[in-house]
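Computed from the coordinates by the stated procedures, all read-outs in this text should not be read as laboratory data. Fair warning: this is a prediction, and the values are worked out from it, not measured in the lab. No Cβ is skipped: glycine too gets one built from the backbone with ideal geometry, and neighbour counts run over all protein chains shown.
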Amino acid sequence: MQTGQENSHGRHRAAHDYPAVGYGRHRQGCGYYASASEVVRDALRDWKVKRALQLQEFVALKTDIDKGLADLAAGRVRDFDAERIMDQGRKLLARRFPSA
């Protein structure tokens with residue numbers, strides 16, 4: 001059984017098992033970072049920004065789902081018509097790209 005500290009071969013993970021570690025070492029060696037702790041702080045900042053964006057997207061998705069469920073409960077729905085949707089898409093494309 002694998003633990004979080006082993007790679008797919010059952011060995012403990014080394015730095016080469018994490019491509020980002022090599023990238024951080026390269027950037028440190030080139031002088032972009034002064035120390036390994038700067039690499040870690042920068043990676044943590046990037047992760048926090050990415051996580052915040054994911055949470056915003058999740059909130060937006062949940063809002064859309066809630067709106068759809070409210071529309072369904074209120075009877076504001078119609079049957080799915082793929083041909084109608086494709087026709088609307090074709091019309092939209094024709095307006096945006098008249099030569100197409």
Check: Between Tyr32 and Leu53, what is the FRET efficiency for a Förster distance of 41 Å, r being their Cβ-Cβ separation, to the nearest 0.05?
Finding: 0.95
Next item on the list: Let me know the shape class of region 50-96, please: from the alpha-carbon gyration tensor, a ≥ b ≥ c as square roots of the eigenvalues, rounded when a/c is under 1.5, otherwise prolate if a/b is greater than b/c, or oblate.
Entry: oblate
Checklist line | Cα-centred dipole magnitude for region 50-96, charges only on beta-carbon of K, R (+1) and D, E (-1), debye, nearest 20 | finding: 320 debye
Checklist line | Amide H within-cut-off set for Tyr33, under 5 Å, with H built and near neighbours excluded | finding: Gln28
Note to self: Can you sort Glu83, Glu38, Glu57 from fewest to most other Cβ atoms within 10 Å of each residue's own Cβ?
What the structure shows: Glu83, Glu57, Glu38
